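The values are calculated or read from the model by the stated rules, or taken from the named source; none is laboratory data. No experiment lies behind these values; they were computed from the predicted model shown. Because the Cβ atoms are built from the backbone with ideal geometry, glycine has one as well, and the counts that use them run over all protein chains shown. Accessible surface is based on the protein model in full, side chains and every heavy atom, while ligands, DNA and RNA are left aside. Shrake-Rupley method; radii C 1.70, N 1.55, O 1.52, S 1.80 Å.
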Amino acid sequence: MSEAATADDWRRLVFDETVAGFLLVDQLGKIVGANAWARRMFGFVAEAEIVGLPLSLLLPGASPVAGGSDLGLQGLRRDGARFPVDAHFSSLARDGAAILLATIVDLRETNAEEAALIARAEELERVNERLARFAFVASQDLQEPLRKIAVFGDLMEEAILRRDTDEILRANEVMRLSALRARALVQDLLSFSRIVNDELELASLDLRAAIELALAALSQTIAETRARVEIDLPDVAIEADATQFQHLVQNILANAIKYRKPGLPATIDVRAFRDENSLCLAIADEGIGFEAQYAHKIFEPLKQLHSKVDYPGSGVGLAICKAIADRHGWRLSVEAQPDVGATFFIALPLRDAS
């Protein structure tokens with residue numbers, strides 16, 4: 001047997017036996033060849049049944065270009081069923097004519113490990129996007145205290161030369177507060193980074209016990225502000241990272257205490273509503289509230305709707321809450337009215353306490 005014949009036999013063996021769908025497509029977009037895997041994928045038995053069909057019939061929406069890929073396509077089986085596929089197109093020569101080799105991957109064949117890797121990659125992409133956005137906003141906010149330190153450092157130097165004690169003290173206080181502000185921003189950046197990067201340690205948590213732990217962490221603040229907290233919760237268990245869930249609830253409770261009406265103690269109502277498969281945790285306060293149009297913006301990093309003088313802080317707490325909810329696959333939302341208060345909703349799947 002000649003070397004050419006041996007090579008042809010080898011190519012035919014690879015074409016027929018590879019566990020991926022191969023379709024040969026001519027310049028008119030018609031199928032001129034298909035391996036067994038492709039025929040099985042699209043519901044055909046004999047090659048003669050598929051040869052001559054337009055590629056667009058099996059891959060609606062495909063754009064076959066040599067060297068190109070079409071990701072996220074829907075394949076169409078002979079019986080009309082659709083299924084997810086990825087396609088890659090390569091240029092070949094056959095009997096002196098240029099044809100395309102379409103390599104089709106049936107995404108239903110993707111195993112659990114590959115699916116987990118894809119999900120992890122998508123999560124990392126979201127994490128990196130959040131961190132990049134947060135780092136950009138933080139860098140902008142850091143410029144303000146650093147600028148003050150530089151300006152008042154020069155003023156202090158001039159005041160020292162003039163021996164102006166009052167001006168020295170004033171410059172020193174501004175520089176101290178600016179340094180504290182810059183340090184707080186850096187600490188919040190690190191905290192946000194840990195929240196979105198640390199591995200989740202999921203466990204079954206009793207909802208009431210987890211809420212009470214968050215309240216215990218705020219016990220001193222609750223006592224100092226004379227805040228009133230009412231709890232009405234069913235006996236259910238949730239699956240969550242214990243530390244992150246406590247962090248989420250604690251941040252929302254602290255937010256309610258912070259934005260209470262001037263001269264009045266905070267009143268907070270913690271309730272949960274459930275159906276067979278899910279639970280909605282609602283944390284309501286009677287604080288100063290805000291306009292409904294800002295309901296999405298308050299979850300953005302370093303976003304503050306109220307005066308930093310009256311309500312100091314970096315505006316990272318609720319961004320951390322959103323990141324925790326997103327990582328768990330929960331839905332976090334808020335409804336509010338000015339001078340009426342705000343209610344935060346956390347929708348999550350539940351497990352029986354047993």
Out of (1) buried (at least 19 other Cβ atoms within 10 Å of the Cβ); (2) modelled with pLDDT of 90 or more; (3) of a type outside the set (V, I, T), what's the single condition that is false for S204?
(1)
Lone unmet requirement of (1) over 19 Å from L107 (Cα atoms); (2) touching a helix residue (DSSP H, G or I) at 6+ places or on another chain (Cβ under 8 Å) for G67
(2)
Does segment 55-72 hold any residues that are in a loop (DSSP other than H, G, I, E, B) and among the hydrophobic types (A, V, I, L, M, F, W, C), and which are they?
L59, A62, V65, A66
Can you pull out the residues in segment 155-173 that are surrounded by fewer than 11 Cβ atoms within 10 Å (Cβ to Cβ) and in a helix (DSSP H, G or I)?
L161, R162, T165, D166
Only one of (1) modelled with pLDDT under 85; (2) under 18 Å from N35 (Cβ atoms); (3) not charged (D, E, K, R) does not apply to I50, and that is (1)
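So, L76, is that one out of contact with any Phe, Trp or Tyr (no Cβ under 7 Å at 6 or more places or on another chain), over 17 Å from L101 (Cα atoms) and crowded, with 18+ Cβ neighbours inside 10 Å or not? Before you say what the answer is, go through the steps one by one.
Numbers: out of contact with any Phe, Trp or Tyr (no Cβ under 7 Å at 6 or more places or on another chain): yes; over 17 Å from L101 (Cα atoms): yes; crowded, with 18+ Cβ neighbours inside 10 Å: yes.
The answer is yes for L76.
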I need every pair where a residue in segment 55-70 that is modelled with pLDDT of 85 or more and exposed (fewer than 12 other Cβ atoms within 10 Å of the Cβ) has its Cβ under 8 Å from the Cβ of a residue that is assigned to a helix (DSSP H, G or I) and of a type in the set (V, I, T), sequence separation at least 6 or different chains.
none
Inspect all residues belonging to segment 222-238 and state whether any of them is loosely packed, with under 15 Cβ neighbours inside 10 Å, in a helix (DSSP H, G or I) and over 19 Å from the mean Cα position of the chain (by Cα).
yes
Residue under question is R126, and the condition is that it be at pLDDT below 90, open to solvent by less than 40 Å² (accessible area, probe 1.4 Å) and of a type in the set (D, E, K, R); does it hold?
no
Only unsatisfied item for L92, checking (1) open to solvent by 40 Å² or more (accessible area, probe 1.4 Å); (2) without any contact (Cβ under 8 Å) to a residue 40 or more places away in the chain; (3) out of contact with any Asp or Glu (no Cβ under 8 Å at 6 or more places or on another chain), is (2)
Criterion (in contact with a Lys or Arg (Cβ under 9 Å, 6 or more places away or on another chain) and charged (D, E, K, R)) met by exactly one of D166, D154, D198, D235:
D235
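Does segment 73-123 hold any residues that are part of a loop (DSSP other than H, G, I, E, B), modelled with pLDDT of 65 or more and farther than 18 Å from L53 by Cα, and which are they? Steps first, please.
Here is the first cut: in segment 73-123, the ones part of a loop (DSSP other than H, G, I, E, B) are 77-81, 95-96, 110-111.
Remaining after also requiring modelled with pLDDT of 65 or more: 77-81, 95-96.
Answer for segment 73-123, where residues must be part of a loop (DSSP other than H, G, I, E, B), modelled with pLDDT of 65 or more and farther than 18 Å from L53 by Cα: D95, G96.
So, of the residues in segment 17-54 that are open to solvent by less than 10 Å² (accessible area, probe 1.4 Å) and in a helix (DSSP H, G or I), which turns out to be nearest to R77 (Cα to Cα)? Walk me through it before giving the result.
Narrowing segment 17-54 to residues open to solvent by less than 10 Å² (accessible area, probe 1.4 Å): 21, 23, 25, 31, 33-35, 38, 41-42, 50.
Then drop every residue that is not in a helix (DSSP H, G or I), which leaves 38, 41-42, 50.
Working: A38: 10, M41: 7, F42: 4, I50: 11 Å.
The qualifying residue nearest to R77 (Cα to Cα) is F42.
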So L142 clears everything in (1) open to solvent by less than 70 Å² (accessible area, probe 1.4 Å); (2) under 30 Å from P349 (Cα atoms) except one condition, right? Which one?
(2)
In segment 144-200, anything polar (S, T, N, Q) and touching a Leu at 6+ places or on another chain (Cβ under 7 Å) is listed as S193
